[in-house]
Amino acid sequence: MDETAQVLSDAVALLRRAGIRLSSGSLDVWDLTLPDGRELPTRVRVSRRPPTPTVLVRLLAKPDPVRRVLVVTPRATAHLRTLATDGEVDVIAVDQELLVLAGVRYDVAAASSPTAAPTSSVRGRKPWVRWALARALLLSDTAQTQHRLAELLGVSQQAVSLALKQLQTVRRTEHGWLAPSPEELLVEYLAVYPGAGGAVTYWYGLDPVITQATAAVDFCARQEAAVLVSGDAAADVYAPWRLPTRTLLYTDRFVDLADAGFSPATEAEHTLALQVPADPTLWRTAKISEPALLADPLITAADVLRTGGADAAEAADHVLATIRQKAAL
């Protein structure tokens, strides 16, 4: 998980520990329900460093009559604290466990299972299209034209052309683009893809993991949220091998699974994670594989590895074996 994704996920965890519900929203729009029942619509601005006074002036220059500005950052400066206390801006400073909304500071309950934040070597703007192209070529049976790849990923041919030039292990043939050595492309992809980013909420259920995944997917569908199943539950479809212990759902917006019978949980204790990804290509590459409700096998394998466990590497390798067989690696 990259730094921005970690800050967002930590902010969501702080809200939960303060008794504040993230009722709905996306990565940049959060609809919060305060402990007293009041609704607080916000527009989220994530900053890996405390925003300067100049940046804050710019953020507040065009007030939104509906949504308040919510700054999510690791630490809050004295100036930012003052603005928050005066009710001019809302703040979540994750490293300081500071949460001020509408001028009110909320106490945060102690974390039961603190965990270390993973880091990523990939900084700055993520090349989502490049990584999606790698997956698309690995998942496809034949060479793909630039036009077809652009159509598949929902991006311009110019974006595809630029991304293809940055992939070291693909070549253009008379029939289109392909990887002469799919194994090299697979190794290249697995070495650099940092995960889908975004923000994660964690949930706990008592039913078997596959049952939990099915119930959560049905609930998300009723909320009209797009959803993909990944992690152990998806791996159990692609290559059944180990007993699923946790699963991951990708959704295009936040969904409060408490209304579906799940209990909020910590990262260490969860059985189901719900992630709103920063990677916009997940649904596109999922369409290459069947069934459509599953994240593609490459995303699934990476998520199985992140789930962990003594046999996670073997479980992920069983999923990757389905790709190797298809490409005759």
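What does the C-alpha gyration tensor say about the overall shape of region 1-64? Classify as rounded when a/c is under 1.5, otherwise prolate if a/b is larger than b/c, or oblate.
Numbers: a/c = 2.12, a/b = 1.25, b/c = 1.69.
Note, shape of region 1-64 comes out oblate.
Between Ala11, Ala315, Ala191, where does the largest GNM mean-square fluctuation fall for the chain, given springs only between Cα atoms within less than 10 Å?
Ala191
Among Asp279, Asp207, Asp31, which one moves the most in a GNM of the chain with springs linking Cα atoms closer than 10 Å?
Most flexible of the set in this elastic network: Asp207.
Taking a cut-off of 15 Å between Cα atoms, list the aspartates and glutamates near Lys62, but don't count ones fewer than 8 places away on the same chain.
Glu88
For region 176-329, what is the accessible area per residue in Å², given a 1.4 Å probe and the full set of protein chains?
41 Å²
Rounded if a/c is under 1.5, else prolate if a/b is larger than b/c, else oblate: which is region 204-288, with a ≥ b ≥ c the root eigenvalues of its Cα gyration tensor? Kindly include the intermediate steps, with their values, before the conclusion.
Details: a/c = 1.61, a/b = 1.07, b/c = 1.50.
Because a/c hits 1.5 or more and a/b fails to exceed b/c, region 204-288 counts as oblate.
Given +1 on the Cβ of Lys and Arg, -1 on the Cβ of Asp and Glu, and no further charges, what dipole in debye does the chain carry about its Cα centre, rounded to the nearest 20?
Details: 33 positive and 37 negative charges, 239 e Å.
For the chain, the charge dipole is close to 1140 debye.
Kindly write out, for region 290-303 in residue order, the coupling ³J(HN,Hα) from the Karplus curve 6.51 cos²θ - 1.76 cosθ + 1.60 (θ = phi - 60°), rounded to whole Hz, with x marking Gly and Pro.
For region 290-303, the Karplus-derived couplings read 10, x, 5, 6, 9, 4, 5, x, 5, 5, 4, 4, 5, 6 Hz, x marking Gly and Pro.
With each pseudo-label sitting 7 Å past Cα toward Cβ, what's the Thr245-Glu269 distance in nm, one decimal?
Distance between label points: 1.7 nm.
For region 243-256, what does the Karplus curve 6.51 cos²θ - 1.76 cosθ + 1.60, with θ = phi - 60°, yield as ³J(HN,Hα) per residue in whole Hz, taken in order and with x for Gly and Pro?
Calculated HN-Hα couplings, in order: 5, x, 10, 8, 9, 10, 10, 9, 10, 8, 7, 6, 10, 7 Hz.
Using Cα springs under 10 Å in a Gaussian network model of the chain, which residue among Ile92, Ile299, Ile210 shows the largest mean-square fluctuation?
It is Ile210.
Give me the percent of accessible area attributable to carbon and sulfur for region 202-329, probe 1.4 angstrom. Intermediate values should be presented prior to the final figure.
Numbers: 2960 of 5430 Å².
The C+S portion of the solvent-accessible surface of region 202-329 is 54 percent.
Taking only C-alpha pairs under 8 Å that are 6+ residues apart, what is the relative contact order of region 233-329 in percent?
31 percent.
As a check on your grasp of the helix formula, calculate [θ] at 222 nm for the chain: sum -39500 (n - 2.57) over DSSP H runs of n ≥ 4, divide by the residue count, round to the nearest 500.
On the way: 12 runs with 125 residues, N = 329.
Result for the chain: -11500 deg cm²/dmol, rounded to the nearest 500.
What is the chain's relative contact order, in percent, from Cα pairs under 8 angstrom and six or more apart in sequence?
Working: 614 pairs, mean separation 56.6, N = 329.
For the chain, the relative contact order is 17 percent.
Scan the chain and hand back the longest stretch that contains none of the trypsin sites (Lys or Arg not before Pro) lying in DSSP loops with at most 14 other Cβ atoms within 10 Å.
Values: sites that count: Arg38, Arg48, Arg75, Arg123, Arg125, Lys287.
It runs 126-286.
The values are calculated or read from the model by the stated rules, or taken from the named source; none is laboratory data. Quantities reported herein were computed from a predicted structural model and do not represent experimental measurements. No Cβ is skipped: glycine too gets one built from the backbone with ideal geometry, and neighbour counts run over all protein chains shown. Note: areas computed on protein heavy atoms with side chains; ligands, DNA, RNA excluded. Shrake-Rupley method; radii C 1.70, N 1.55, O 1.52, S 1.80 Å.
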